[in-house]
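Trainee: The structure's right below; bear with me while I get my questions together.
The values are calculated or read from the model by the stated rules, or taken from the named source; none is laboratory data. Here the structure is a predicted model, which means the values were calculated and not measured. Positions of Cβ are generated from backbone atoms using ideal geometry, with glycine treated the same way; all protein chains shown enter the neighbour counts.
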Amino acid sequence: MGVIRFDNVGRVFGSKAKPFVALKDINLEVSNKEFVAIVGPSGCGKTTCLRLVAGFDFPSSGRVLVDETEIRRPRPERAVVFQQFALFPWKTVYANIELGLRNQNVARAEREDRIRQILELMNLEPYRDHFPHQLSGGMQQRVAIARAYVLDPEVLLMDEPFGALDAQTRVVMQEELVRLARRNPRTVLFITHAVEEAVYLADRVAIMTRAPGRIKEVLDVRSIREAEKWDSYEKIEDVMDLESFVHLRTHIWRSLREEKAAAAA
Amino acid sequence: MPRRLQIGGATILVLVILWYLSTTVFGLIAPGRFPSPQATIDALGHVLFRGYAGGTLIEHIFNSLRLVILGFLVAVATGVPLGLLMGWNRTAEALINPVFLIIRPIPPLAWIPLAILWLGLGDSAKILVIWFAAFVPSVINTYAGVRTIEKPVLEAAAMLGTPRLRFIREVLVPASSPMIFTGLRLSLQASWTTLVAAELVGAFYGLGRVLNVAQQDLYPGMILVGMIAVAILGWATTKALGKLEMRALSWNQAAALAGRG
């Protein structure tokens with residue numbers, strides 16, 4: 001299982017005298033094996049949402065639950081992929097992926113087996129003995145995704161994972177993530193400010209308001225994707241050309257622009 | 001031979017020729033103030049084969065080197081763990097930092113009289129003084145190394161469920177190791193400086209002792225031999241530490257580039 005539930009969550013930073021309300025009244029449920037993307041203007045608190053589920057941060061009010069249990073600390077069952085990869089530069093690709101398995105006391109033979117599989121899936125076999133600095137950004141993020149996926153987590157938390165990559169690499173990674181997510185579905189909470197990315201990847205897209213961040217609306221992408229058979233197209237640009245895709249994207253853009261306008265006013 | 005080494009060698013050769021010309025050939029510098037190359041070589045032969053200031057050069061070198069390495073190791077073995085603790089634990093930092101603020105402004109050499117008073121002219125006083133000097137850079141740089149670790153790296157380790165000891169060994173120490181090595185280099189330099197100073201003030205053996213006795217004997221050749229010996233040893237130990245650093249930090253691109261240059 002891996003059901004995430006935000007239950008009236010608020011998060012206030014800063015001092016009592018000068019509080020900054022980052023999140024207010026967040027209510028959202030991500031069901032088991034569902035892929036939910038959160039989009040919103042920068043500084044709206046979308047990353048804070050993810051950090052609450054990861055156990056890196058805690059709500060000031062309300063509760064964040066995974067499988068009806070309140071989150072107390074980071075756990076491998078809730079694996080995180082960071083925007084800046086956060087690999088261990090002193091460890092090889094193999095050792096980076098291996099650490100989580102060692103922490104779970106997985107036997108050596110099984111570790112090798114599982115790492116070999118994930119390396120193959122992520123096209124990383126030739127790099128198993130490389131150090132992170134010898135790899136491109138896209139490759140590094142592949143290692144970070146492999147490091148999270150190999151743990152077979154109930155929940156996968158991705159914090160703008162492709163934000164630091166160039167446009168071409170980004171597209172390739174998006175296609176690969178779709179492939180991975182369809183093949184081995186997980187509950188995914190995906191943070192991004194890229195609207196196309198959210199629509200292409202997610203089952204549902206949650207749009208956040210500017211600070212204090214709230215969830216403005218949640219769009220069901222999955223039913224449209226299934227009705228319009230997006231997954232029958234192999235390339236992202238073919239999907240992005242579909243009228244149904246354009247329609248959704250434009251809707252989100254408008255919604256976000258209202259936020260920008262409100263911020264400027 | 002690499003070009004850098006060729007140029008370096010040429011520079012030293014020119015200096016030696018200038019030295020020879022200005023002392024032996026033209027007599028621009030009085031032999032009582034600065035020795036000629038010949039006088040230096042004579043002094044070297046003297047201390048090498050017949051001994052000077054209580055021992056041969058090899059014995060003095062052995063003694064100084066042993067004390068530097070011992071003092072350095074004691075300082076590092078205490079300083080690095082303390083730096084890690086202070087960097088990682090707010091309470092430890094709050095407890096220890098005030099002590100540091102009081103002790104840090106005291107020049108390490110100012111501890112020499114107290115060390116001799118407590119422990120006499122033997123080895124233990126020297127090791128104590130080296131410890132005072134070499135301990136601080138190890139602590140400060142290790143501490144800074146821990147504090148500059150990128151937060152996501154720590155969060156990644158936590159997210160992967162890394163147990164405490166493994167976290168220290170495989171994340172905290174390697175992540176701070178570039179700064180730890182900076183601390184070690186400074187500690188090593190401090191070890192040599194303080195050892196020679198301590199031996200100058202009072203010792204039975206050692207290169208500082210050679211310098212001290214030669215000064216009293218008005219023996220410039222021997223003073224120069226002592227100075228050159230200290231320089232070569234300091235250079236060699238720093239080089240050895242640099243080799244170790246390059247091996248330990250082979251994963252670090254910046255260090256690898258610096259090592260190549």
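Trainee: What is the number of the single condition among (1) assigned to a helix (DSSP H, G or I); (2) touching a residue at least 24 places away in the same chain (Cβ under 8 Å) that B:GLU170 does not meet?
Mentor: Among (1) assigned to a helix (DSSP H, G or I); (2) touching a residue at least 24 places away in the same chain (Cβ under 8 Å), B:GLU170 violates only (2).
Trainee: Would you mind stating whether A:LEU119 is touching a strand residue (DSSP E or B) at 6+ places or on another chain (Cβ under 6 Å) and either part of a loop (DSSP other than H, G, I, E, B) or over 23 Å from A:PRO74 (Cα atoms) (or both)?
Mentor: Details: touching a strand residue (DSSP E or B) at 6+ places or on another chain (Cβ under 6 Å): no; either part of a loop (DSSP other than H, G, I, E, B) or over 23 Å from A:PRO74 (Cα atoms) (or both): yes.
So A:LEU119 fails the test.
Trainee: Taking the condition part of a helix (DSSP H, G or I), of a type outside the set (Lys, Arg) and within 14 Å of chain A (Cβ to nearest Cβ), does B:ALA115 pass? Don't jump to the end; show me each part of the working.
Mentor: Details: part of a helix (DSSP H, G or I): yes; of a type outside the set (Lys, Arg): yes; within 14 Å of chain A (Cβ to nearest Cβ): no.
No; evaluated as a whole, the condition is false for this residue.
Trainee: Looking at (1) more than 21 Å from B:VAL230 (Cα to Cα); (2) of a type outside the set (Ser, Thr, Tyr); (3) buried (at least 18 other Cβ atoms within 10 Å of the Cβ); (4) more than 13 Å from every other protein chain (Cβ to nearest Cβ), find the lone condition where B:PRO220 falls short.
Mentor: For B:PRO220, the failing item is (1).
Trainee: Still on this model: Please count how many residues of segment A:113-155 are buried (at least 20 other Cβ atoms within 10 Å of the Cβ), within 11 Å of chain B (Cβ to nearest Cβ) and closer than 24 Å to B:LEU249 by Cα.
Mentor: Looking only at that region, the number is 4.
Trainee: Here is a follow-up. Mind listing whichever residues of segment B:174-217 are within 14 Å of chain A (Cβ to nearest Cβ) and either out of contact with any helix residue (DSSP H, G or I) (no Cβ under 7 Å at 6 or more places or on another chain) or not in a helix (DSSP H, G or I) (or both)?
Mentor: Narrowing segment B:174-217 to residues within 14 Å of chain A (Cβ to nearest Cβ): B:174-181.
Residue satisfying the conditions is B:PRO174 alone.
Trainee: Here is a follow-up. Residue under question is A:CYS44, and the condition is that it be touching a Phe, Trp or Tyr at 6+ places or on another chain (Cβ under 9 Å) and either touching a residue at least 60 places away in the same chain (Cβ under 8 Å) or assigned to a loop (DSSP other than H, G, I, E, B) (or both); does it hold? Give the steps one after another, and end with the answer.
Mentor: Details: touching a Phe, Trp or Tyr at 6+ places or on another chain (Cβ under 9 Å): no; either touching a residue at least 60 places away in the same chain (Cβ under 8 Å) or assigned to a loop (DSSP other than H, G, I, E, B) (or both): yes.
For A:CYS44, the condition - touching a Phe, Trp or Tyr at 6+ places or on another chain (Cβ under 9 Å) and either touching a residue at least 60 places away in the same chain (Cβ under 8 Å) or assigned to a loop (DSSP other than H, G, I, E, B) (or both) - is not met.
Trainee: Here's something else I'd like to know. Report, ordered by the first and then the second residue, all pairs with beta carbons closer than 7 Å, sequence separation of six or more or different chains, a first member in segment B:145-166 that is more than 11 Å from chain A (Cβ to nearest Cβ), and a second member that is of a type in the set (Phe, Trp, Tyr).
Mentor: That search, which allows pairs on different chains as well, returns B:VAL146/B:TRP88.
Trainee: Further question: Quick test for you: out of B:GLY27, B:GLY54, pick the one residue that is touching a Lys or Arg at 6+ places or on another chain (Cβ under 8 Å) and surrounded by fewer than 18 Cβ atoms within 10 Å (Cβ to Cβ).
Mentor: B:GLY54
Trainee: Would it be correct to say that A:VAL171 is crowded, with 16+ Cβ neighbours inside 10 Å, of a type in the set (Val, Ile, Thr) and without any contact (Cβ under 8 Å) to a residue 60 or more places away in the chain?
Mentor: On the way: crowded, with 16+ Cβ neighbours inside 10 Å: yes; of a type in the set (Val, Ile, Thr): yes; without any contact (Cβ under 8 Å) to a residue 60 or more places away in the chain: no.
Answer is no for this residue.
Trainee: Can you find even one residue in segment A:55-66 that is touching a Pro at 6+ places or on another chain (Cβ under 7 Å), outside any loop (DSSP other than H, G, I, E, B) and of a type outside the set (A, V, I, L, M)? Steps first, please.
Mentor: So the first thing to find is which residues in segment A:55-66 are touching a Pro at 6+ places or on another chain (Cβ under 7 Å), and the list is A:55-56.
From what is left, the residues that are outside any loop (DSSP other than H, G, I, E, B) are none.
Looking through segment A:55-66, none of the residues is touching a Pro at 6+ places or on another chain (Cβ under 7 Å), outside any loop (DSSP other than H, G, I, E, B) and of a type outside the set (A, V, I, L, M).
Trainee: Which condition number in (1) assigned to a loop (DSSP other than H, G, I, E, B); (2) not assigned by TED's automatic domain parsing to the domain that holds A:THR192 is the one that A:PRO161 fails?
Mentor: So A:PRO161 meets the others, but not (2).
Trainee: Further, regarding this structure: Which one of these does B:ASN141 not meet: (1) assigned to a helix (DSSP H, G or I); (2) in contact (Cβ under 8 Å) with a residue 60 or more places away in the chain?
Mentor: (2)
Trainee: Answer with yes or no whether A:ALA37 is within 18 Å of the chain's Cα centre (by Cα), more than 24 Å from A:GLU259 (Cβ to Cβ) and assigned by TED's automatic domain parsing to the domain that holds A:ARG170. Talk me through it step by step, then tell me what you get.
Mentor: Details: within 18 Å of the chain's Cα centre (by Cα): yes; more than 24 Å from A:GLU259 (Cβ to Cβ): no; assigned by TED's automatic domain parsing to the domain that holds A:ARG170: yes.
Criteria not met by A:ALA37.
Trainee: Taking segment B:223-256 as the region of interest, how many residues are within 14 Å of chain A (Cβ to nearest Cβ) and small (Gly, Ala, Ser)? Before the answer, list the steps.
Mentor: The initial filter retains those residues of segment B:223-256 that are within 14 Å of chain A (Cβ to nearest Cβ), namely B:245-256.
After this cut, where a residue has to be small (Gly, Ala, Ser) as well, the list is B:248, B:250, B:254-256.
Adding up the residues that qualify gives 5.
Trainee: I'd like the full set of residues that are out of contact with any helix residue (DSSP H, G or I) (no Cβ under 9 Å at 6 or more places or on another chain) and modelled with pLDDT of 90 or more, limited to segment A:154-180.
Mentor: A:GLU154
Trainee: Provide a single number: the residues in segment A:1-33 that are in contact with a helix residue (DSSP H, G or I) (Cβ under 8 Å, 6 or more places away or on another chain) and of a type outside the set (A, V, I, L, M).
Mentor: The number of residues fulfilling the criteria is 2.
Trainee: Just one of A:GLN168, A:GLN134, A:GLN140, A:GLN104 is assigned by TED's automatic domain parsing to the domain that holds A:ALA194 and more than 13 Å from B:ALA156 (Cα to Cα); which is it?
Mentor: On the way: A:GLN134 fails: assigned by TED's automatic domain parsing to the domain that holds A:ALA194; A:GLN140 fails: assigned by TED's automatic domain parsing to the domain that holds A:ALA194; A:GLN104 fails: assigned by TED's automatic domain parsing to the domain that holds A:ALA194.
On inspection, the qualifying residue turns out to be A:GLN168.
Trainee: Being within 14 Å of chain B (Cβ to nearest Cβ) and farther than 19 Å from B:PRO152 by Cβ is true for just one of A:ARG51, A:ARG5, A:ARG72, A:ARG63. Which residue is that? Even if it seems obvious, please write down each step before you answer.
Mentor: On the way: A:ARG51 fails: farther than 19 Å from B:PRO152 by Cβ; A:ARG5 fails: within 14 Å of chain B (Cβ to nearest Cβ); A:ARG63 fails: within 14 Å of chain B (Cβ to nearest Cβ).
After ruling out the rest, the residue left standing is A:ARG72.
Trainee: Give me a count of the residues in segment B:10-58 that are in contact with a Leu (Cβ under 8 Å, 6 or more places away or on another chain), assigned to a helix (DSSP H, G or I) and closer than 27 Å to B:TYR205 by Cβ.
Mentor: Residues flagged as in contact with a Leu (Cβ under 8 Å, 6 or more places away or on another chain), assigned to a helix (DSSP H, G or I) and closer than 27 Å to B:TYR205 by Cβ within segment B:10-58 amount to 7.
Trainee: Look through A:ALA107, A:ALA22, A:ALA17, A:ALA95 and report the one residue that is at pLDDT 95 or above and away from chain B (no Cβ under 14 Å). Give the derivation first.
Mentor: Working: A:ALA22 fails: at pLDDT 95 or above; A:ALA17 fails: at pLDDT 95 or above; A:ALA95 fails: away from chain B (no Cβ under 14 Å).
Of A:ALA107, A:ALA22, A:ALA17, A:ALA95, the one residue that is at pLDDT 95 or above and away from chain B (no Cβ under 14 Å) is A:ALA107.
Trainee: Continuing with this model, one more query. Of the conditions (1) in a helix (DSSP H, G or I); (2) surrounded by fewer than 23 Cβ atoms within 10 Å (Cβ to Cβ); (3) within 14 Å of chain A (Cβ to nearest Cβ), B:ILE102 clears all except one; give me its number.
Mentor: (3)
Trainee: Answer yes or no as to whether A:LEU50 is touching an Asp or Glu at 6+ places or on another chain (Cβ under 7 Å), in the same structural domain as A:ALA22 (by TED's automatic domain parsing), outside any loop (DSSP other than H, G, I, E, B) and under 25 Å from A:ARG210 (Cβ atoms). Full working, then the answer.
Mentor: On the way: touching an Asp or Glu at 6+ places or on another chain (Cβ under 7 Å): yes; in the same structural domain as A:ALA22 (by TED's automatic domain parsing): yes; outside any loop (DSSP other than H, G, I, E, B): yes; under 25 Å from A:ARG210 (Cβ atoms): yes.
It is true that A:LEU50 is touching an Asp or Glu at 6+ places or on another chain (Cβ under 7 Å), in the same structural domain as A:ALA22 (by TED's automatic domain parsing), outside any loop (DSSP other than H, G, I, E, B) and under 25 Å from A:ARG210 (Cβ atoms).
Trainee: Conditions first: (1) farther than 29 Å from A:GLY138 by Cα; (2) buried (at least 23 other Cβ atoms within 10 Å of the Cβ). A:ARG72 passes all but one, so which condition is the exception?
Mentor: For A:ARG72, the exception is condition (2).
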